[in-house]
Amino acid sequence: MLAQIVFTLVFIVAVALFTVQVRKIIRNIRLGKNICRNDRKAERWTTMARVAMGQSKMMVRPVAGLMHLFVYLGFVIINLEVLEIVLDGIFGTHRLFAFMGGFYSFLIGSFEILALLVLLGVLVFLARRLVVRLKRFSGVEMKAWPKSDAIYILLIEVLLMTAFLTMNAADYQLQSRLYGHYIQAGAFPVSQFLSPLLPSSTEALVFIERFCWWFHIIGILAFLNYLPISKHFHILLAFPNTWYSNLNPKGHFSNMQSVSNEVKAMLDPSFTPPPADPDAKFGAKDVVDLNWVQLMNAYTCTECGRCTSVCPANITGKLLSPRKIMMDTRDRLEELGKAKDKNGASYHDGKALLDDYISREEIWACTTCNACVEACPVNIDPLSIILDLRRYAVMEESNVPNSLSAMFANVENNAAPWKYAPADRLNWAQGDWSKE
Amino acid sequence: MDTLINIPTMAELSAKGEQPDILFWVGCAGSYDERAQRITRAFAKILKHVGIKFAVLGTEEACTGDPAKRAGNEFLFQMQAMGNIEVLNGYAIKKIVTACPHCFNTIKNEYPVLGGHYEVIHHTQLIADLIAEGKLVAEGGAFKGKKISFHDPCYLGRGNGVYEAPRKALEQLDADLVELKRCKSNGLCCGAGGAQMFKEPEPGKKDVNVERMEDVLEAKADIVAVGCPFCMTMMNDGVKHVEKEQEITVLDIAEITARANGLL
């Protein structure tokens, strides 16, 4: 009975703390500007099904894709087992779902195989980070917390899966002894091979089974509360993030209606633009100038670095790293959110995403080639943030590299990015080129 | 054929009360850049050869605003766009072909919301269609046995999902098509996009087009086929950088097709 009360309290506190953290993240995401992404719903559901649930973009890199598939399936499917564990904890039962008989054995058996595959995946991932040291997991933005975060997640998963299998191994032994409430239930295709390693005394087996049960479930509840401060939060946000994907062709950059109104008013004096929002800026200087989908993108990023590894600027040694753009956006948003928690919702700390986090050198190195957008397994769009920062630099500050101001002047005065006379536009057709 | 090839302008056609089947949007690079002018002329020869009734805007054409938009100057972009849309709508243009993926992307995707609705195709799409219809032959000839690699332009490939049309135009050449290591949706940029063409690159280890040359050298390509005037500049500079001007030629799909059809 005491165990049930303790468990129920721990469970309630863990879920409550998690809810508080998630609400803060939602509040932060809502600091962004509004953008309508509720159209084309059928296409959005299929995108989410294909990209998030179906892991389609992960498989572009087969080794990482397959290992990730194991861990992902393990996470989704073993959570069915967590449901049983939680109910057992609350009601003081043991293997509550055992009444399902053969189907229960099938479930437990599959969870065990999945747990083994998860262990395999996680060990491969650890090796890629610690032994092989893949280049994509390094970089200026991958020092300190982001570096340890990745390792912590993998170690936690090793511990959870080991506890799960050890618990089953002890249970398997106890079941074969027909001890107490350890009824014959489940199939143990993996843990039966672990059970000979366990001590033979029944008391020790019960202790191991209980210890692993508590360790596993408290570990999961602790991990739940680790998610919101970790890159691992992608396991939740990947789904809405892909649902709210940009469905337009990647070459299509957003139109700025505020600019359309001003340009129309310039070209047609009879056009009366709707009143402009006095606080609105052109482009983005800080996270609050971005739209909420861009901010959700930032919280969804799991720092895998596929974007950066295909970025032509990054490959050739420039400062720009699309992953850093996303991490900076998230870190700045977290900082602003904390400042608002402390000093009230209207507080502004005077810092900004541009310059305090992302430098000019980074935003001007982008070739807008969309390789980062294409590479992201969860449809994050770093390019749209780079473009919004450029828009601010150009239209609010007129702070652009000199050669680009010259290009702008040429387009404006000569209708071409180079200084040629518009009258010469058809010169290419002159002369005799029939034999060319 | 006349010694001087007549290129009809919309103003001329309109004065005669005629409409073209398609407007050829030449673009700034195709109009002014000496190397790109040759692409423009090759494509014009193809249009003449197959008897498509086309016209150009000539001096009425202006920059689509692409480099301004990618660089963040939405004002300048929309000024350009609205001016061009006024001209295009004035001539009641329905269909546009262009040899520049940047013009293609901008007119196709970014003009509609500003009032410009046209069917826009890239010249490699038209060429692929004409080959499929049998109006253009694509026999080996000069290309027989040569290794050709296609460098995907970002705004044609990733930007708009057009990967097959340019390859269709090359497939029947009797040549040896070798994909670059980074191709199609994984294609590496030439380094010119996003207005980089008009500025010095930021400090780094090397230029993007030099990085791209590693793929070209690995594929042992004799010919790098491109579908974008900016890629043309960058690939040519890259070839010069690795001092392979004698071994590697950079040609636009229009030039390759024109040559295969005896037009060049």
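Structure above, values below:
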| item | result |
| --- | --- |
| Sum of -39500 (n - 2.57) over DSSP H runs of 4+, divided by residues of chain A (222 nm, nearest 500) | -18500 deg cm²/dmol |
| Residues in region B:148-165 that a label on B:Asp176 would reach, taking backbone N under 17 Å of a point 7 Å out along Cα→Cβ | B:148-150 |
| Spin-label proximity, A:Ala3 to region A:188-229 - amide N less than 15 Å from point 7 Å beyond Cα toward beta carbon | A:203-218 |
| Rounded, prolate or oblate (a/c below 1.5 giving rounded, otherwise prolate when a/b exceeds b/c) for the protein assembly as shown by Cα gyration tensor | prolate |
| Residue-span extension gain [A:Leu130 to A:Asn248] - 0.36 nm each, minus C-alpha spacing | 38.6 nm |
| Ellipticity estimate at 222 nm from DSSP helix runs (n ≥ 4, -39,500 (n - 2.57)) divided over chain B, nearest 500 | -12000 deg cm²/dmol |
| Relative contact order of region B:137-260, pairs being alpha-carbon contacts under 8 Å that are 6 or more residues apart, as % | 33 percent |
| Tilt relative to chain A, helix A:322-343 - C-alpha long axis, 0 to 90 degrees, to 10 | 80 degrees |
| Per-residue Cβ neighbour rank within 10 angstrom, fewest leading, A:Cys311, B:Cys189, B:Cys183 | B:Cys183, A:Cys311, B:Cys189 |
| Per chain B, cysteines lacking a partner by the 4.7 Å Cβ criterion | B:Cys28, B:Cys63, B:Cys183 |
| Estimated FRET transfer efficiency when R0 is 30 angstrom, pair B:Asn89-A:Lys281 (beta carbons, to 0.05) | 0.40 |
| Estimated inter-spin distance, B:Glu200 and A:Asp432, nm [label 7 Å along Cα→Cβ] | 4.5 nm |
| Degrees between helix A:2-29 axis and first principal axis of chain A (Cα, 0 to 90, nearest 10) | 0 degrees |
| For B:Thr249, residues with placed amide H under 5 Å, excluding near neighbours | B:Ile223, B:Val224 |
| Net length gained if the chain between A:Ile218 and A:Leu83 were fully extended (0.36 nm per residue, minus Cα distance) | 47.3 nm |
| Span-like helix ranges in chain B, DSSP H, alpha carbon extent 24 angstrom or more, Kyte mean at least -0.5 | B:34-50 |
| ³J(HN,Hα), Karplus 6.51/-1.76/1.60, whole Hz, each residue of region A:238-245, x for Gly, Pro | 4, 6, x, 4, 6, 4, 8, 4 |
| Amide H partners (placed H, <5 Å) of B:Ile96, local residues excluded | B:Leu23, B:Glu119, B:Val120, B:Ile121 |
| Karplus (6.51, -1.76, 1.60) ³J(HN,Hα), θ = phi - 60°, over region A:385-391, in Hz, Gly and Pro reported as x | 6, 4, 5, 5, 5, 4, 4 |
| Inter-label distance, nm, simple model (7 Å from Cα along the C-beta direction), A:Met53/B:Glu34 | 6.0 nm |
| Whole-angstrom gap from region A:290-330 to region B:140-162, using each part's C-alpha centre | 29 Å |
| Longest to shortest principal axis, alpha-carbon extents of region A:61-213, angstrom | 57, 30, 29 |
| Inter-site label distance for A:Val10 and A:Met100 at 7 Å from Cα along Cβ, in nm | 2.4 nm |
| Sequence-separation-based contact order of chain A, relative, with Cα cut under 8 Å and 6+ spacing, percent | 19 percent |
| Estimated FRET transfer efficiency when R0 is 45 angstrom, pair A:Gln192-A:Tyr152 (beta carbons, to 0.05) | 0.90 |
| DSSP-loop GluC sites (Glu not before Pro) across region B:41-135, with at most 13 other Cβ within 10 angstrom | B:Glu133 |
| Trypsin sites (Lys or Arg not before Pro) within region A:66-146, DSSP loop, no more than 11 other Cβ atoms inside 10 Å | A:Arg133, A:Lys143 |
| Relative intensity, log₁₀ I(q)/I(0), of region A:239-294 from a Debye sum that treats every alpha carbon as a point, q = 0.16, 0.27 Å⁻¹ | -0.71, -1.13 |
| Amide H partners (placed H, <5 Å) of A:Asn291, local residues excluded | A:Lys33 |
| Contour excess over end-to-end distance, with Cα ends at A:Glu397 and A:Arg61 and 0.36 nm allotted per residue | 116.8 nm |
| Cα-based shape type of region B:137-260, given that a ≥ b ≥ c are square roots of the gyration tensor eigenvalues and the cut on a/c is 1.5 | prolate |
| Cut-off 20 Å, label 7 Å out along Cα→Cβ of A:Asp341, residues of region A:21-42 by amide N | A:21-32 |
| Under the Karplus curve 6.51 cos²θ - 1.76 cosθ + 1.60, θ = phi - 60°, whole-Hz ³J(HN,Hα) for region A:404-415, x wherever Gly or Pro sits | 6, 4, 5, 4, 4, 4, 5, 4, 5, 8, 10, 6 |
| Value of Rg to Rh for region B:96-210 (Rh from inverse mean 1/r over Cα pairs, i.e. Kirkwood) | 1.02 |
| Per DSSP, loop chymotrypsin sites (Phe, Trp or Tyr not before Pro) in region B:1-73 with at most 13 further Cβ within 10 Å | none |
| Euclidean distance of C-alpha centroids, region A:76-127 and region B:47-69, integer Å | 64 Å |
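Just so you know, all these numbers are worked out from the coordinates, no wet-lab data involved. What you see is a predicted model, and the numbers here were worked out from it, not measured in a lab. Virtual Cβ from ideal backbone geometry, glycine too; neighbours counted across all protein chains shown.
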